[in-house]
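All remarks here apply to the structure that follows.
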Amino acid sequence: MEKRELTCIQCPLSCRVTVSGEGDQLKFTGNQCKQGIEYARQEVTNPTRTLTTTIATAFPDFPLLPVRTAGEVPLGKIFEIMKVIRAVQVEQRLKPGDVILEIIPGTDKALIATADMCEGVSAVVVK
Amino acid sequence: MHTDVLVIGAGPAGLAAAAAAAEHGAEVLLVDRESRPGGILKQCIHDGFGVIRYEEKLTGPEYAYRDIEAVRAYGLRVLNNTFVLDLKQSVDGFSLLLQNPIDGAFRVDTKALVAANGCRERTSRQVFIHGDRPAGIYSAGTAQNLINLHGYLPGRKVVILGSGDIGMIMARRLTLEGAEVAGVYEIKDEPSGLTRNRVQCLDDYNIPLYLNTTVTRVHGTKRVTGVSVAAVGADLKPLPGSETLVPCDTLLLSVGLIPENDILEPLALEFDAKTGGPVVDQRMMTSVPGLFSCGNATHVNDMVDYVSESGFNAGRAAANYCQHGGSQGSVEVVSGNNLLYAVPQRLVSGEEAAIYFRSDKTIDRVILVAQAAGKELFREKYLRIRPPEMQKIVLQPLSPEVESVEIGLEEVT
Ligand SMILES: Cc1cc2nc3c(=O)[nH]c(=O)nc-3n(C[C@H](O)[C@H](O)[C@H](O)COP(=O)(O)OP(=O)(O)OC[C@H]3O[C@@H](n4cnc5c(N)ncnc54)[C@H](O)[C@@H]3O)c2cc1C
Ligand code: SF4
C-alpha cells in the first residue's frame, strides 16, 4: 500500500496519522494514542459511513423525503447506492424510522425515512 | 387573544422552550412563519445531531421530530405560516402583531415572550466581492434548501467560498447529486468548520481545500462563468500575481452565521457586540424583564444539543416569570484572555449556571479559569481548543456578594 495520511477525528487533537505497510503489517505514525491506530486501521481497510440523501415522493406538498441508511455502509459503495435509491419513489406518507427498502442492494442495510411526512402540528385558528 | 408565554420560532430552541414552559404550567402559543415546525433542521438532512442529548447521531429532521412529538403530547397551540410583524411592550407584558393566511393580521398579548427566531447567513454584501451580480451566487444554506427541500441542483460546477460547516456539508451533498465541486477556498490558515466535516465531507470525496486563499472576482454577466482566486498574505490581502481563474457556473458562500434579531428592535434591549445577540443571564432573560432569548438568536451554536438546552432554560424561566416576575441577574460575566465570547453575560446568584464559550484562536494545552474577586471558582484543562468548537462549563451557585466573574484561558507554559 502507498503511504496514506489521515486525520484522526476521535478527539479534538486531530492527529495526522500516517499509515504505511501491507496487510496485517500496517505501520502507524503521528497518532498520540492507541485510539488513533484503531481509527486509522478501520479507515484504510474498511471505511464506512452513514449515507443521508433524499428520495422523490408522490406528494406535491412534500416532494422530497429525507432518508438514510440504517447503519453504516462501505464508503466505496456510496455512489452505487445513490444510483439504486435515486430510482425509488415513495407512495405513502411515512414517519422517521419507517423502512423504505428492507435491504439496499449490494449492502446488508435498510433504507429508512428520517422525516415526518404527515401534517405538522396542526394550525389552530385564533381570533 | 391572550397567552402566558408566546414563543417566536419553532426550531429546536423554540420547540424546547414551548415544551418546558408547558411543563411548568404556562399556557403556551408557538408561532412560526414556515408551514412546518423544525426550523432549519428540516433542511439539515445529514447526521450528527443529538450526540450529547441522546448519545446518537441523528439527522436534523429526526432530531426535530422528537421535539415536535413532545410539543404535540402537551397539546400546545401552534401557529404555522404565521409571521411576527411587530411587537411592543404593554402594561402586563408584550403585545404582538401576527399575520397568517387564515386569520389575516391579529394581535396577541402575552405575559412573557421567548425569541427563538434563529440566525441568518452572512452574504457577499458583508464579505465584499468585486464584479457583476450574475445568477449562480448562493449562500450555502439557500443551496441546502433548494437541493434538500425542493430537489433543484443549483449548478453543475461549483466553487465554495469559506470553509464553514454548511459549506463543507454542501460540498459533499452537491458531489453526491452529481455536481462537481472545484474546491473550497478559505482565507484563513485553518478551516472554520469542524474537523469531522473536513474529513467526512471533503477528504472522503477528494474535494480540495485551499487555505490562505480567497475569491477576488466573479466572472460572467448573466450567469457565473468562473471566479478568480488568489493567495493571501498575513494581512489577508490578495498577493499580487497569485490570481488564477477557476471556471464554474456557481459560487456558494459559506462565510458564517449571525443571530437575527431585527424583530426585537422596538424593545431597545442590550446587545453583545461579540455574539450579535442579546445579553442574557443563565435563565436566558434579556435586559427587558419577561423577554427571553434562546438558540441561535442568542449566539450561533455549532451543537444543536446546546440550542435545545438554552430553549429548555428559557421556557422554564418564562413560565416562572409569569408567576413570580423578576428581572435579569446582575452579576457580570467578563470574558477575558483568549476568549471570543462567553454566554450568558450575566448571572443570577444562588443558582447553578452553565457557561458556553469559544476561544479566539486554536490553542494547545490551556486551562480555563473562572474567578471572582481574585478567588478561583472553577478550572478545567483542555488539550486543544478551537474557535469552531464551543465549550461548556458549569459554575456552582454564586454567593450574593459576588459582583462579577471573570473567565479566561491561560496557556500552560
Ligand atoms: C442554513 C443553515 C444551516 C445549518 N446547518 C447546520 C448543520 O448542518 N448542523 C448544525 O449543527 N447546525 C446547523 N445550523 C445551525 C442551526 O441553526 C442550529 O443547530 C439550530 O438548528 C438552531 O436552532 P434555532 O431553533 O435557534 O433556530 P432555527 O432552527 O433557525 O429556527 C428559527 C425559527 O424561527 C422562525 N422565525 C424567525 N423569524 C420569525 C418571525 N418574524 N415570525 C415567525 N417565525 C419566525 C423561522 O422560520 C425558524 O423556523 C445551520 C444554520 C443555518 C442558518
Ligand atoms: S490519535 Fe488519539 S490523541 Fe490523536 S486525535 Fe486520535 S484519539 Fe486524539
**Message:** Limiting things to C-alpha atoms, what are the Rg and the maximum Cα-Cα separation (Dmax) for the protein assembly as shown, in angstroms?
**Reply:** 24.2, 76
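Based on the alpha carbons, how large is the Rg to Rh ratio for the range B:178-219 when Rh follows Kirkwood?
0.99
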**Prompt:** Considering every pair of different Cα atoms, what Kirkwood radius, in Å, is found for the range B:1-111?
**Reply:** 14.6
**Centre separation in Å (Cα based) which lies between the range B:368-413 and the range A:27-94** = 39
**Message:** If you take each beta carbon of peptide B:54-64 and count the beta carbons of other chains within 10 angstrom, what is the mean?
**Reply:** 4
**Asked** Given 0.36 nm per residue, what is the gain on full extension from B:Asp360 to B:Met1 after removing their alpha carbon distance, in nm?
**Response** 124.6 nm
**Request:** Quote the Stokes-Einstein diffusion coefficient, in whole µm² s⁻¹, for the range B:37-102, based on the Kirkwood radius over alpha carbon pairs, a temperature of 10 °C and a viscosity of 1.306 mPa s.
**Result:** 111
**Item:** Protein-protein interface of the range A:34-69, residues with accessible area decrease of at least 50 Å², isolated chain reference, 1.4 Å probe
**Value:** A:Arg49, A:Thr52, A:Leu64
**Item:** Student exercise, the range B:244-357 dipole from Lys, Arg, Asp, Glu Cβ charges, in Debye to nearest 20
**Value:** 200
**Rounded, prolate or oblate (a/c below 1.5 giving rounded, otherwise prolate when a/b exceeds b/c) for the range B:312-413 by Cα gyration tensor** = prolate
**Asked** Taking a temperature of 25 °C and a viscosity of 0.890 mPa s, what whole-number D in µm²/s does Stokes-Einstein yield for chain B with Rh from Kirkwood over alpha carbon pairs?
**Response** 109
**Message:** With a 1.4 Å probe and all protein chains left in place, how much accessible area per residue does the range B:104-198 have, in Å²?
**Reply:** 39
**Prompt:** Mind checking the dipole of the range B:281-413: about its Cα centre, +1 per Lys or Arg Cβ, -1 per Asp or Glu Cβ, Debye to the nearest 20?
**Reply:** 200
**Request:** Rounded to the nearest 10 degrees, what's the angle between the helix A:34-45 long axis and the longest principal axis of chain A, both from Cα atoms, 0 to 90?
**Result:** 70
**Request:** Multiply the residue separation of B:Glu55 and B:Val412 by 0.36 nm, subtract the distance between their alpha-carbon atoms, and state the gained length in nm to one decimal.
**Result:** 125.3 nm
**Item:** Computed FRET value (nearest 0.05) for B:Gln99 with A:Gln92, which takes r as the C-beta separation and R₀ as 35 Å
**Value:** 0.55
**Item:** Buried solvent-accessible surface, both chains (B, A), 1.4 Å probe, Å² to nearest 100
**Value:** 3500
**Complete:** Output ordering of B:258-270, A:63-75, B:297-309 (per-residue mean of other Cβ within 10 Å, highest first) is B:297-309, A:63-75, B:258-270
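Based on a Kirkwood Rh over C-alpha pairs, give the Stokes-Einstein translational diffusion coefficient of chain A at 4 °C and viscosity 1.567 mPa s in µm²/s. Before the final figure, lay out each step's value.
On the way: Rh = 17.5 Å.
Answer, rounded: 74 µm²/s.
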**Asked** Dipole of the protein assembly as shown, Cα-centred, from +1 at each Lys and Arg C-beta and -1 at each Asp and Glu C-beta, to the nearest 20 debye?
**Response** 1140
**Å² of accessible area per residue within chain A, as computed with a 1.4 Å probe and no ligands counted** = 54
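The values are calculated or read from the model by the stated rules, or taken from the named source; none is laboratory data. These numbers come from a predicted model, not from an experiment. No Cβ is skipped: glycine too gets one built from the backbone with ideal geometry, and neighbour counts run over all protein chains shown. For accessibility, only protein heavy atoms count, side chains too; no ligands or nucleic acids. Shrake-Rupley method; radii C 1.70, N 1.55, O 1.52, S 1.80 Å.
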